[in-house]
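Chemist: Structure in C-alpha cells, see below.
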Amino acid sequence: MSLAVQVVFTGLSAGGVYGLIAIGHSLIYRLTGIVHFALGDLIGLGAFVTLLVAAGTQPLTQETVSGGRMTLAIVAGIVACVLVGAAGYFAVVQPYIGRSAIGWVAATLALGFAIRAVLDAAFSRPAYVFPDPIPFRRVGNDGLVKILGAQIHVRSFAVIGIAIVVAAAASWVLQRTWFGRSLRAIADDPDGAAIVGISVERTRALAFGLAGGVAALAVVVAAPGTPFETGSGALLGLKGLVAAVLVRFGGVWAAFAAGLALGVVEAALGTGLLGHLPGLASYRELIPLLVAIVLLAARPLRLREAVD
Amino acid sequence: MSTPAAAAVRTGVALREALASARESWTDTATAGCAVAVAAALAPFIFGGLIATDSLASGAYLALAATGLGLCVGLAGVPSLAQGAFVGTGAFAAAHVLRHTQLPAELCALIGAIAAAGLGTAAGFAVRSLDAVRVAVGTWLLSWLFALALGALPWLSGGAQGLVVPTRRLFGFSPTPLVHYELAVILTGLCALSLVALRRGPFGLDLAAAARHRGAAAALGVPMERLRVGAFAASAFVGGLAGGFAVQLDIVADPTAYGPLLSFELLVAVLVGGAAAALGPSAGVVVLGLIALAARALGSLAGVPSSRFQPMLEALLLLAVLTTGGNALVPAAIASARRLLPERRRQSRSAVHAPGRREALRADELSKRFGTVTAVDGVSLELTPGSITALVGPNGSGKTTILRLLAGALPPDRGHINLGAHELTAASPAERVRLGLVRTLQARAYFGELTVLEHALVGVNRTRRHGGAVRALVSTPLYRAENRLAEANAFAALEAVGLVGDADRPASELTGAGQQRLLIAAALATNPAVLLLDEPSAGAAPEDLERLTAILRRLKADGLAVLLVEHNLSLVRAVADEILELELGRVVRRGTNGRL
C-alpha cells in the first residue's frame, strides 16, 4: 500500500512536468503541422538560465537562494525561453512550413543540438543541483511528510499543484482570450485567420516561446529533486513527445493527462510493478517509448482527400 | 556444340553486351566519381602526417553509414532519424557474435548488418504508410529507444564500459587502421554505385515519384509501402555493416556512441553533402571531419574539450546550408560542371506499343455513404472496349466518388466491380492497375521536376517483370533488354498525347494543359484496358480542347474503354458514346450521345 502511494505521488510529480511539455508539443503540432524537436533543449535552456541567474556556474553552496533573487532567476529563465523559442520559430520553422519536411526536421534538430552545445560549453560539470525556489526543507520532517505509510516529498505536491494550475491557465487562455482564439483560428485555417486580421506569424512565434517557457517553470520547481544535466531537457522533451503521441497531439487536458499517466506508469515500472515483476524495472523508460512507436504505426490510415 | 561450351559463349556475349552498355552510359560524372574514389583510397598516404589513420578509418565508416542513409533520405525522400540506432545494432550484434563465437571477422560484421536490416525492416514496416511528420517522430523515438536501451540493459551493452571486442584478420590482412580504411572506402564506393544503379532503375524512379506526389503515384499503382520498407531495410543494412566493421576498429562497443547525436550527425552529412547524389553523403562526412578539426582548434584556444564545440558547429553548418536554400555540395558541383560541358543528346526515340488489352469493366449497384450523406446510390455502369462513357452532373452529384470507387481509392458499401473475368471489388488500387484499370487525378498531380519521359516510365514500371531492385543492382541481361523496351513503351505513350518532343523537360515546365496530357500519358504507359479520366479539360484553352478531343478519339479507336468525368459539355458531346447524368448519387438520365 505504502509503495503504491509512493509510486502515485512520484509519478504524478514527474508526470506533471511531462504533461506540460506534452501540451507544448500538441499546441505546436496543431498550429503548424510540425513537431518541435528542439522543445526539450529549449526547456533545458530555460532551466540553466534560471540556475545561472540564481547561483552562477559554480557549485551551489547555500541550500536556498533568497526569494527575490530566485524570482528574478525564474523570470529570466522563462524570458530566455520565450525569446529563443520565438526567434527559433522564425529561424528554423517558418521558412519550411508547408514545404519539405526534411527541412524543418533537420533545422529544429540543429537548433536543439546547438542549444545543448552552448549549455555544455558554459556548464561543464556532469550534473548540477538546483537551488530550491521554495524552502521545502522547513516543512514536515526535512521536506518529507508521511501519507498512508509512504514518505512523500513536499515538493511533489508543489510540482503537481503548479502543473495543474499552469495547465488550467493554458486551457483558459486557449478557450477564453483573444490570443487563444487566434491560436485556434490559425490551427483550423491559417489563411482564413490571416484574412480576418490575425498576425499569423507573430502569434505562432509567441506560442512557440510560451510552449517552452511555461514548461520551464515546472522544470525549475521540479529540478531540485534530482541532479540536472545539460541533456536532461532533451530527455524531458522526449517524454513530453511520447505523451503527446499517446493522445495523438490532442487537446490541453488530454495531453496533460497523458503526461501524468506516463509519469505514474514509469514510476510503477521502476518499482518492478510494485515488486511483482522486478525484471521490468530496467525497462522503465523503454516500454512507454515502444508503446508510443507502436501506436504511431497502428494509426488507422486516413488517406488525405486533399491528395485527389 | 556441347552445353558448357554453348553456355560459355552465351556468357561471353552477355559480358560483351554489358561492357558495351557500360561504355554507352559512361558519363563525365562517372569519370569524376572514379577520380574521387582513387583520391580517397590514397588519402592515408597523402595526409598520413596530418590526420591519424584510425580517425580516417572511423570517418570512412561514417561515410558508409551516411551513404546508406542517403538511400532513405535522398531516394525515398523520407526523414529517417534512426540511422544511428541501425549502426549501433550492427555494432553490438557484431560485438556479441565476435565475443561468443570463433566466426571470421567479416562474417560477424555481416551478421551485424543483417540484425540491423531486421530492425530496419520492422521500422520501415511501422512507418510504411505514415506522412513525413510521423516518420520523423517514429524514427526519432526509435533512436532514443535504442540509446536508452543500451543505457538500461547491461546484458545488451556490457554496462558503462561497453563490450571489448576481440580482433581478427580481415580478408586475410592483419586488421590495421589502414586495412580498415581501405575496406571502408571500397564498401562506400560499392554502396554509392548501388545507389546510382537503384536510382536509375524502376525502384528509384518509383520512390522518387512517390516522394513527390503520393496520390499520383498511388493512382499509377506504385507499391509505395513495399518500396519504403525496402528502402529502410537496405539503408539499415548498410548502416549495420558500417557499425559491424567500425566496432572492430574501435576494439570496444561503446554504449554512449550510438545515440540521437549520431543519427543527427549522419543526417547533417547527407543534407550538407547532398541527399540526391551518390557521393553526397561521403562529401558531407568530409565536411564533418573538417568541422571536427576546427572544433579541436577552437577547443584548444578556449581550453575545453573539442566535443563541446563540434555539435554546435555542425548545427550551425546545417542551418547555414538549409537557410541559404541552395544546393548541397555535390549537386551544386555537378550542376556547375554541367554548365561547362556539352550536353549529350538522347539518340534513340523509337516508340513501341505494348500489345493492347481489351476488357470491359462492369459495375453493379455501387453505393457509398459518408456519414448521413449518400454520395453514390445504386449506380450500375458498363465500360466497353472502344467506347467512351461520360459522367456529367452538378458538383457534389457523386461523379468523382464513382471514379474513386472504380479505381479502388475508396471501398464501396455495396455493389460489385468486375474487369473481364476478374472480380475487383476488394482489390487494391495497385492490383487494379496491374490488371488493366487505371485512373488520372485532377490537375497538378505530377511528380515535380521529374522529366516527362520519367513520368511515363513510372507508368511503364507497372508492366515490368524483370525490374526488381536486385536485378537493377547486378544489371542482368534480361533487365537491360527490358529497359530498352520500357523506354520504347514510354515513348509510345508520350506519342499518343503529343509530348515526345518534351521528353527530357521537367514536367514542372509544361503548361497546365500539357501536364494534363502528361497524366494521361503516364496512365496509358501502364498499358490499361480501362482508363478513368477525372476532368482532363480543367484549365484548357480552346486549342488544348481540340487536341484533347483528338487524343480521346484516338484512344477510342485503339480499343480502350474510357470513363470521362467532365464538366465541359462540348468535349463530352464531341467524344462520348454514352452519357450518364448524375444527381445526388443516382443516374437520372442515361443515353447515347445526341439523345440526352
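Chemist: Can you find even one residue in the stretch B:542-554 that is of a type outside the set (Gly, Ala, Ser) and in contact with a His (Cβ under 8 Å, 6 or more places away or on another chain)?
Modeler: No, there is no match, as no residue in the stretch B:542-554 is of a type outside the set (Gly, Ala, Ser) and in contact with a His (Cβ under 8 Å, 6 or more places away or on another chain).
Chemist: Sort out for me the helices (runs of 4 or more DSSP H) sitting completely within the stretch B:118-221 that have 2 or more residues that are within 9 Å of chain A (Cβ to nearest Cβ).
Modeler: Where helices (runs of 4 or more DSSP H) fall fully within the stretch B:118-221 and carry at least 2 residues being within 9 Å of chain A (Cβ to nearest Cβ), they are B:132-152, B:214-219.
Condition check ((1) under 18 Å from residue B:545 (Cα atoms); (2) surrounded by fewer than 19 Cβ atoms within 10 Å (Cβ to Cβ); (3) of a type in the set (Phe, Trp, Tyr)) across all residues:
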position: B:467; (1), (2), (3): no, no, no
position: B:487; (1), (2), (3): no, no, no
position: B:491; (1), (2), (3): no, no, yes
position: B:496; (1), (2), (3): yes, no, no
position: B:501; (1), (2), (3): no, yes, no
position: B:515; (1), (2), (3): yes, no, no
position: B:519; (1), (2), (3): yes, no, no
position: B:525; (1), (2), (3): no, no, no
position: B:529; (1), (2), (3): no, no, no
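Chemist: Please determine, by comparing only the residues of the stretch B:45-67 that are in a helix (DSSP H, G or I) and in contact with a Pro (Cβ under 8 Å, 6 or more places away or on another chain), which one is farthest from residue B:87 (Cα to Cα).
Modeler: Once the filter is applied, the top-ranked residue is B:53.
Chemist: Which number in (1) without any contact (Cβ under 8 Å) to a residue 60 or more places away in the chain; (2) assigned by TED's automatic domain parsing to the domain that holds residue B:40 marks the one condition that residue B:216 misses?
Modeler: It fails just one condition, (1).
Chemist: Within the group B:42, B:19, which residue is loosely packed, with under 11 Cβ neighbours inside 10 Å and either on the phi < 0 side of the Ramachandran plot or part of a helix (DSSP H, G or I) (or both)?
Modeler: B:19
Chemist: What are the residues in the stretch B:252-268 that are within 12 Å of chain A (Cβ to nearest Cβ) and either at pLDDT 90 or above or under 20 Å from the mean Cα position of the chain (by Cα) (or both), if any?
Modeler: If the condition is that a residue be within 12 Å of chain A (Cβ to nearest Cβ) and either at pLDDT 90 or above or under 20 Å from the mean Cα position of the chain (by Cα) (or both), then B:256, B:259, B:260, B:261, B:262, B:263, B:264, B:265, B:266, B:267 are the ones that fit.
Chemist: Follow-up question, since we're still on this one. Consider residue B:77 carefully, then state whether it is outside any helix (DSSP H, G or I) and either free of Cβ contacts under 8 Å to residues at least 12 places away in the same chain or among the charged types (D, E, K, R) (or both).
Modeler: No; evaluated as a whole, the condition is false for this residue.
Chemist: Name every residue in the stretch B:420-465 that is of a type in the set (Ser, Thr, Tyr), under 19 Å from the mean Cα position of the chain (by Cα) and either farther than 23 Å from residue B:535 by Cα or away from chain A (no Cβ under 14 Å) (or both), in order of residue number.
Modeler: B:451, B:463
Chemist: Working only within the stretch B:481-515, note down all residues that are over 23 Å from the mean Cα position of the chain (by Cα) and part of a helix (DSSP H, G or I).
Modeler: Hits for the stretch B:481-515 are B:492, B:495, B:496, B:497, B:500, B:501, B:502, B:512, B:513, B:514.
Chemist: Could we say that residue A:125 is charged (D, E, K, R), in contact (Cβ under 8 Å) with a residue 24 or more places away in the chain and surrounded by 22 or more Cβ atoms within 10 Å (Cβ to Cβ) here?
Modeler: When the stated conditions are applied, residue A:125 does not pass them.
Chemist: Taking the stretch B:254-274 as the region of interest, how many residues are surrounded by fewer than 24 Cβ atoms within 10 Å (Cβ to Cβ) and small (Gly, Ala, Ser)?
Modeler: The total comes to 2.
Chemist: Inside the stretch B:345-389, can you point out the residues that are among the polar types (S, T, N, Q) and at pLDDT 80 or above?
Modeler: B:367, B:372, B:374, B:380, B:384, B:387, B:389
Chemist: While we're on this one: Restrict the check to the stretch A:71-94 and report whether at least one residue is of a type in the set (S, T, N, Q), farther than 30 Å from residue A:187 by Cα and either in contact with a Ser or Thr (Cβ under 6 Å, 6 or more places away or on another chain) or surrounded by 20 or more Cβ atoms within 10 Å (Cβ to Cβ) (or both).
Modeler: No, the stretch A:71-94 has no match at all.
Chemist: Checking the condition away from every other protein chain (no Cβ under 14 Å), touching a Cys at 6+ places or on another chain (Cβ under 9 Å) and not in a loop (DSSP other than H, G, I, E, B), which residue from B:241, B:249 passes?
Modeler: B:241
Chemist: Would you confirm whether or not the stretch B:136-148 contains a residue that is buried (at least 24 other Cβ atoms within 10 Å of the Cβ), under 30 Å from residue B:174 (Cβ atoms) and touching a helix residue (DSSP H, G or I) at 6+ places or on another chain (Cβ under 6 Å)?
Modeler: No, the stretch B:136-148 has no match at all.
Chemist: If you go through the stretch A:205-235, how many residues are within 12 Å of chain B (Cβ to nearest Cβ) and aliphatic (A, V, I, L, M)?
Modeler: 2
Chemist: Does residue B:276 meet the test of being in contact (Cβ under 8 Å) with a residue 40 or more places away in the chain and in a loop (DSSP other than H, G, I, E, B)?
Modeler: It is true that residue B:276 is in contact (Cβ under 8 Å) with a residue 40 or more places away in the chain and in a loop (DSSP other than H, G, I, E, B).
Chemist: Filtering the stretch B:80-94 down to residues that are in a loop (DSSP other than H, G, I, E, B) and not polar (S, T, N, Q), which residue is surrounded by the most Cβ atoms within 10 Å (Cβ to Cβ)?
Modeler: In this case the residue turns out to be B:82.
Chemist: Give the stretch A:239-264 a look and list any residue that's within 23 Å of residue B:139 (Cα to Cα) and surrounded by fewer than 19 Cβ atoms within 10 Å (Cβ to Cβ), or say none.
Modeler: A:248, A:250
Chemist: Does residue B:544 count as surrounded by fewer than 21 Cβ atoms within 10 Å (Cβ to Cβ) and either within 25 Å of residue B:356 (Cα to Cα) or among the basic types (Lys, Arg) (or both)?
Modeler: Criteria not met by residue B:544.
The values are calculated or read from the model by the stated rules, or taken from the named source; none is laboratory data. Computed from a predicted structure; not experimentally measured. Reconstructed Cβ throughout: ideal geometry from the backbone, glycine too, with neighbour counts over all protein chains shown.
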